[in-house]
Amino acid sequence: QVQLVESGGGLVQPGGSLRLSCAASGGFRKINGMSWYRQAPGNQREFVARILSGGDGEYADSVKGRFTISRDNAKSTMYLQMNILGPEDTAVYYCYADIQTVFSTLPLPYWGQGTQVTVSS
């Protein structure tokens, strides 16, 4: 059973930083692209950042220059370093990955359960 588990969320003051992690576990052969999305109350889920295996990150305009996405393929883990956080960054953050499992010849989409990030003084 492939799972994505996020961690690192919490309460932070405006201007502060947080680092989110997303770890994949279970029976898989390869993790392709990995992404972060977020959903604020009353809003649709929106794209935050994406990283291909060994590639550079792509970012939403709203986080460009403040957030950095990275991954450690040896640990099957993706990270999101978030700096200069503001109240507008308050949301549940979800990780997403295209994963080739031991049972699939094509990559399948997987979502994590989400981690809450609250930016407030």
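The values are calculated or read from the model by the stated rules, or taken from the named source; none is laboratory data. It should be emphasised that the depicted structure is a prediction, and the values quoted were computed from it without experimental measurement. Here the Cβ is made from the backbone with ideal geometry for all residues, glycine too, and neighbour counts use every protein chain on show. When the accessible area is computed, the model is the full protein with side chains, heavy atoms only, and any ligands, DNA or RNA have been set aside. Shrake-Rupley method; radii C 1.70, N 1.55, O 1.52, S 1.80 Å.
With the requirement that a residue be open to solvent by 40 Å² or more (accessible area, probe 1.4 Å) and assigned to a loop (DSSP other than H, G, I, E, B), what does the stretch 13-44 give you?
Gln13, Pro14, Gly15, Ser17, Gly26, Pro41, Gly42, Asn43, Gln44
Filtering the stretch 92-109 down to residues that are closer than 22 Å to Gln39 by Cβ and touching an Asp or Glu at 6+ places or on another chain (Cβ under 8 Å), which residue is surrounded by the most Cβ atoms within 10 Å (Cβ to Cβ)?
For the stretch 92-109, the residue satisfying everything is Cys95.
Can you tell me how many residues within the stretch 110-121 are more than 16 Å from Ser35 (Cα to Cα) and out of contact with any Ser or Thr (no Cβ under 8 Å at 6 or more places or on another chain)?
Qualifying residue count for the region: 2.
Tell me which residues, restricted to the stretch 75-101, are over 13 Å from the mean Cα position of the chain (by Cα) and in a strand (DSSP E or B).
Result: Ile99, Gln100, Thr101.
For residues that are more than 15 Å from Leu18 (Cα to Cα), open to solvent by 70 Å² or more (accessible area, probe 1.4 Å) and not in a loop (DSSP other than H, G, I, E, B), tally how many sit in the stretch 47-74.
4
Answer yes or no: is there a residue in the stretch 83-103 that is in contact with a helix residue (DSSP H, G or I) (Cβ under 9 Å, 6 or more places away or on another chain) and either at pLDDT 95 or above or polar (S, T, N, Q) (or both).
For the stretch 83-103, residues in contact with a helix residue (DSSP H, G or I) (Cβ under 9 Å, 6 or more places away or on another chain) and either at pLDDT 95 or above or polar (S, T, N, Q) (or both): absent.
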